[in-house]
Amino acid sequence: MLGLSPTLMTALKKTGFKEPTPIQNQAIPLALDGHDILGLAQTGTGKTLAFGLPLIEHLLALHGKPDPKTAKALILAPTRELANQIAESLRAFTTGTPLKVQVVVGGQSINAQIKRMDRGTDILVATPGRLIDLMDRGAVKLHTVQHLVLDEADQMLDMGFIHALRRIAPKLGTPRQTMLFSATMPKQMEELSSAYLTNPRRVQVAPPGKAADKVTQSIHFMEKPAKPAKLREILSRDPEALTLVFARTKHGAEKLMKGLVADGFNAASIHGNKSQGQRDRAIKAFRDGQIKTLVATDVAARGIDIPGVAYVINFDLPDVPDNYVHRIGRTARAGLEGEAITLCSAEEIDLLKQVEKVMKLEIPVAGGTRPAAVKSDKPRRGGGGQRRRGPGGGNGQAGKPQGNTGSRKPRRPRRHAA
């Protein structure tokens with residue numbers, strides 16, 4: 001299947017893999033042939049294996065151990081959570097083979113990472129900032145890298161990692177295969193593709209900015225002070241479901257989580273003020289079902305791959321409209337259905353217009369009436385909702401509310417029939 005070796009096919013069967021996703025169907029044969037890949041697909045569509053399986057196949061064909069401090073393949077990811085997730089996924093297919101996978105990310109002991117890299121590795125998964133730190137210390141040498149993967153490249157652009165990439169790329173080996181995967185396609189992505197990919201094959205399974213097909217979206221309009229009560233109402237309808245709640249700021253996420261815990265909800269939080277250990281423990285508890293509600297900032301928008309997430313609730317709309325797509329992509333994964341619910345105040349209408357422009361749709365109204373835009377009392381990061389990078393703004397059509405359906409009970413996710 002897809003030109004993969006018996007070794008990988010056996011590993012796939014052990015993990016319960018049955019049928020490739022559309023992005024895997026398109027990307028894997030091209031990547032196996034050595035082409036550079038520009039992959040466009042919404043989150044939750046199996047991008048990790050789309051680049052991971054051909055990467056492992058290529059490395060298994062090579063002989064010899066990596067030299068000290070070197071790597072044969074480099075995967076760059078924007079967040080610690082995503083880097084750890086990628087490494088965990090790849091290790092499921094390298095177990096029992098000579099291939100080694102190492103991770104270097106911030107928030108963990110750099111000395112321990114330096115020690116691990118002394119032995120070299122076949123696949124190095126890294127966040128750009130920590131990789132630069134290791135390069136500056138002479139702990140990592142990249143001249144042997146023959147495969148480069150940029151995962152969630154659009155978020156790396158949003159987070160300013162383009163400057164780190166410009167430092168990393170000249171140190172890599174040549175010739176090499178480069179694969180770039182993204183859920184959205186801002187103008188800068190075209191420039192990035194032109195700069196780092198050679199005659200890339202473009203694979204696309206959905207228009208950029210489109211949510212996964214099985215996400216049911218809805219929006220409730222209300223005054224800002226009414227949001228906490230509405231959130232508790234929604235959580236109380238299905239208390240055993242895994243629910244991911246997004247807040248705009250670190251302080252806001254922590255305050256919201258503490259309020260939920262005080263009211264008896266089983267909640268935790270992850271954001272930039274948490275240590276890596278705290279974030280890892282919270283995600284594990286959420287994945288295991290010990291925690292039912294996880295409150296997060298956008299640091300988690302692309303770092304959580306948990307098929308059981310039933311609901312995503314946007315307590316605050318994101319400043320960067322593309323992040324809405326990545327947030328709601330945390331549900332409806334692995335063939336399940338999911339629901340994305342947004343709570344929107346009048347101060348956020350401009351942000352909503354930008355989101356709907358990116359999505360090319362008007363989110364169905366489940367409660368309240370769409371208000372006219374008003375000026376917020378406090379200045380918002382990003383110029384009052386304008387994107388910090390790339391095209392922003394937009395004149396999304398307000399239109400008429402699609403009816404007030406009241407407080408309908410969200411559907412429990414169910415396994416999609418094959």
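Averaging over all projection directions, the Cα-based convex hull of the stretch 6-204 occupies 10.3 nm² in the image plane.
Looking at the stretch 259-334, none of the chymotrypsin sites (Phe, Trp or Tyr not before Pro) sits in a DSSP loop with at most 16 other Cβ atoms within 10 Å of its own Cβ.
Which net charge results when you count Lys and Arg as +1 and Asp and Glu as -1 among the other residues whose beta-carbon is under 11 Å from that of GLN276?
On the way: positive: ARG80, ARG130, LYS274, ARG279, ARG281; negative: GLU81, ASP280.
With Lys, Arg at +1 and Asp, Glu at -1, the neighbours total +3.
Are there any trypsin sites (Lys or Arg not before Pro) in the stretch 15-91 that are in a DSSP loop and have at most 14 other Cβ atoms within 10 Å? List them by number. Before the final figure, lay out the partial values.
Working: sites: LYS18, LYS47, LYS69, LYS72, ARG80, ARG91; in loops: LYS18, LYS69.
Loop-located and lightly packed - LYS18.
Multiplying the residue separation of ARG281 and GLU88 by 0.36 nm and subtracting their alpha-carbon distance yields 68.0 nm. In summary, the aspartates and glutamates within cross-link reach of LYS224, defined as a Cα separation below 18 angstrom excluding same-chain residues under 8 places away, comprise GLU233, GLU254, ASP316, ASP319, GLU347, GLU348, ASP350, ASP377. Around the amide H of ALA340, modelled in the peptide plane, lie the amide H atoms of THR216, GLN217, SER218, VAL312, all under 5 Å away and 5 or more residues distant in sequence or on another chain. Label sites at LYS14 and ARG116, each approximated as a point 7 angstrom past Cα along Cα to Cβ, lie 2.0 nm apart.
Checked against a 27 Å cut-off, the cross-linked pairs LYS14/LYS284; LYS72/LYS274; LYS292/LYS353; LYS230/LYS250; LYS274/LYS360; LYS230/LYS292 give Cα-Cα distances beyond that limit for LYS72/LYS274; LYS292/LYS353; LYS274/LYS360. For the stretch 215-367, the equivalent ellipsoid derived from the alpha-carbon gyration tensor has semi-axes of 22, 17, 15 Å in decreasing order. Between THR95 and ARG232, the FRET efficiency estimated from the beta carbon spacing at R0 = 56 angstrom works out to 0.80.
Every number in this text was worked out from the coordinates using simple rules, so none of it is lab data. These numbers were taken from a predicted model, which means no experiment stands behind them. Counting neighbours? That spans all protein chains shown, and the Cβs are built from the backbone with ideal geometry, glycine included.
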